[in-house]
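Just below is one structure, and these are the notes that go with it.
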């Protein structure tokens with residue numbers, strides 16, 4: 001009996017040692033991921049961002065964490081904003097494939113005409129949509145029948161609520177120009193990841209609800225921002241004719257033409273939906 005107790009004790013100690021080692025390794029991995037984000041941005045990185053880029057591949061993502069959010073740096077540069085005539089025709093043709101001749105989207109009226117936009121100064125845009133944890137609440141109080149996880153995007157917010165949250169962390173909603181440049185870049189990608197439909201995105205993205213903001217790796221733009229093509233559409237700062245605008249696609253976007261970086265739909269600012277969330281932006285000041 002004594003030997004049996006000793007054996008059980010050794011087994012338990014061994015298990016405790018394995019658990020301790022696992023937690024130690026997990027802590028190291030988390031520190032490896034977090035510590036670089038807390039470091040000040042270097043002068044060389046600032047210089048590269050200020051000098052600007054002429055093609056997407058010229059930029060390596062710079063990610064930092066402050067004011068409770070992860071941010072990616074967007075360098076100076078130029079791009080053609082909006083859709084070309086041929087792109088609008090392609091989107092309309094794709095829409096008719098799914099919905100017949102009565103396509104419910106009037107692309108040429110809601111997508112801004114193609115125009116050249118230049119950014120002389122770098123800026124930050126949040127690396128993901130603002131989450132339930134960061135916002136401080138979920139859109140649902142019934143966590144049993146309608147689960148909303150802490151890393152889900154905070155959806156079902158009005159434009160005003162999104163505006164107020166960004167202001168509360170010393171930032172703002174991105175403008176349409178900032179949002180689209182962070183998504184498409186100087187190469188003017190059709191989707192946040194490139195110009196072709198991504199099988200990886202299609203396999204990772206949900207169809208029935210939003211997902212954790214860092215779970216759809218395929219939906220990562222040239223600056224390292226995630227979720228610009230899908231997960232949830234996003235409020236931007238611009239308002240016109242008493243309407244606000246949501247950019248990008250969402251978990252409910254049933255076809256690739258709804259995931260384009262030029263996708264935009266105007267709504268009343270009081271509108272709230274489970275397909276609309278938001279992210280924030282801010283100017284580059286000093287080393288942050």
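Bear in mind these aren't lab numbers, they're just calculated from the coordinates by the rules spelled out. Source: prediction; values computed, not measured. Cβ placement follows ideal geometry from the backbone for every residue including glycine, while neighbour counts extend to all protein chains displayed.
Structure summary
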read-out	value
Cα gyration tensor category, rounded, prolate or oblate, for the stretch 164-252 with a/c compared to 1.5	prolate
Whether the stretch 60-190 is rounded, prolate or oblate, judged on the alpha carbon gyration tensor where a/c under 1.5 counts as rounded	oblate
Net lengthening on full extension, residue 115/residue 54 (0.36 nm per residue, minus Cα-Cα)	20.3 nm
Simple spin-label estimate for residue 241 and residue 217 in nanometres, 7 Å along Cα-Cβ	4.4
For the stretch 39-96 and the stretch 197-234, distance of Cα centres in Å	16
Fully extended contour minus Cα-Cα distance, from residue 67 to residue 168, at 0.36 nm per residue	35.4 nm
